[in-house]
1. Which peptide among 187-196, 221-230 comes first, and what is the full order, when sorted by highest mean count of other Cβ atoms within 10 Å?
2. Pick from Thr38, Thr210, Thr16: which is most flexible by mean-square fluctuation in a GNM of the chain where alpha carbon atoms under 10 Å apart are linked?
3. Choose one answer from Leu170, Leu33, Leu160: the residue with the largest mean-square fluctuation in a GNM of the chain with alpha-carbon springs under 10 Å.
4. Based on the Kirkwood radius over alpha-carbon pairs, what value in µm²/s does the Stokes-Einstein equation return for the translational diffusion coefficient of the chain at 20 °C and 1.002 mPa s?
5. Under 14 Å Cα-Cα from Lys93, which aspartates and glutamates qualify once same-chain neighbours fewer than 8 residues away are excluded?
6. So if I take the centroid of the Cα atoms in region 232-272 and the same for region 83-109, what is the distance between those two points in Å?
7. Which of Arg296, Arg272, Arg51 ends up with the largest GNM mean-square fluctuation for the chain, with Cα atoms connected below 10 Å?
8. Relative to the first principal axis of the alpha-carbon coordinates of the chain, what is the inclination of helix 147-160, with its axis defined by its Cα atoms, in degrees from 0 to 90 and to the nearest 10?
Amino acid sequence: MKKYTNIKDISNLKETIKDAILLKNDPYEFSELGKNKTLVMLFFNSSLRTRLSTEKAAKNLGMDVMILNVNDAWNLEFEDGTIMNVDTSEHIKEAAQVISQYADVIAVRAFPGLVDKEKDQAEFIMNSFVKYATAPLVNMESATAHPLQALTDAITISELSNKAKPKVVLSWAPHPKALPHAVANSFVEMMQNMDVDLTVTHPEGYELSTEITKNTPINHNQEAALKDADFVYVKNWSSYNDYGKILSQDKDWMMTSEKLDNAKFMHCLPVRRNVVVEDAVLDGDNSVVIQQANNRTFAAQIVLKQILENL
Ligand code: CP
């Protein structure tokens, strides 16, 4: 693997999932592979799982890890030809090349602003690193994608499914803040590459980009969509068409035990209790969110392993 900025960078998904599960059973098998190699992780935004699981994954492979909260460094300029006489102190051209000298792999987390749709869709931060960095890039959640989370979700469904083609439902949930589309986008794209029966359910106005959903069935009736589901993935996102807006906080879309029935409950975390999902679901036997979060390590580890093997 040359980089992992998008799930399309996975050349063989089935093999990658299988190898991630093997790593989970023997995490230190390749502990020499990353010797004398350094992962630099750059955070433009907060993280709990991504930060810790990716560091753990790198250390399981014997890598050194350096972490920079970018807000503690110089304010970066991303536009070309700017007269930098206001807020920005360092251009991404220099920064990315400098960081590349310290890193064998660079991982970046940079959320969208959810104001300028064109700018977010252009992935200007991630793509600036792709353009100017000379070390391979790993996307730890960008404006439009969260491919490490999606690989985690694929691993988790593969581990837990006892059907040849399980029914998987992505269900929108209310949230008080405008959230990005990245998790939902990458989950849909990942499920489209798996042998699952995928349905997306959300209130009208919350359509994801049609470039993402393509022919995936969309049902505005949550109850009908959830019927006979094996896995229910709950996630909020803001409106894509009315970009970044909250159009509804309808409590009726919160996931409950009654709605979940016998399905497994999935969420990328963090999750707001009794807003997105009721306590009884998270605390119940059908919730797999803790196992899902554990799999973040092995998703990151298989990605780093494949990149290290290509250096
Ligand atoms: N799911 C996820 O990416 O968690 P963090 O935001 O805590 O990294």
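The values are calculated or read from the model by the stated rules, or taken from the named source; none is laboratory data. Computed from a predicted model, the values in this text were never measured in an experiment. With ideal geometry, Cβ positions are generated from the backbone for all residues, glycine too; neighbour counts draw on all protein chains shown. The area values use the complete protein model at the heavy-atom level, side chains included, leaving out ligands, DNA and RNA. Shrake-Rupley method; radii C 1.70, N 1.55, O 1.52, S 1.80 Å.
1. Numbers: 187-196: 19.4, 221-230: 15.3.
Packing order, densest peptide first, comes out as 187-196, 221-230.
2. Its mean-square fluctuation being the largest, the pick is Thr210.
3. Comparing Leu170, Leu33, Leu160 in the GNM, the peak value goes to Leu160.
4. Numbers: Rh = 20.0 Å.
Answer, rounded: 107 µm²/s.
5. Excluding near neighbours in sequence, the set is Glu77, Glu79, Asp80.
6. Taking the Cα centre of each part, region 232-272 and region 83-109 sit 36 Å apart.
7. Arg272
8. Helix 147-160 and the main axis of the chain meet at about 40 degrees.
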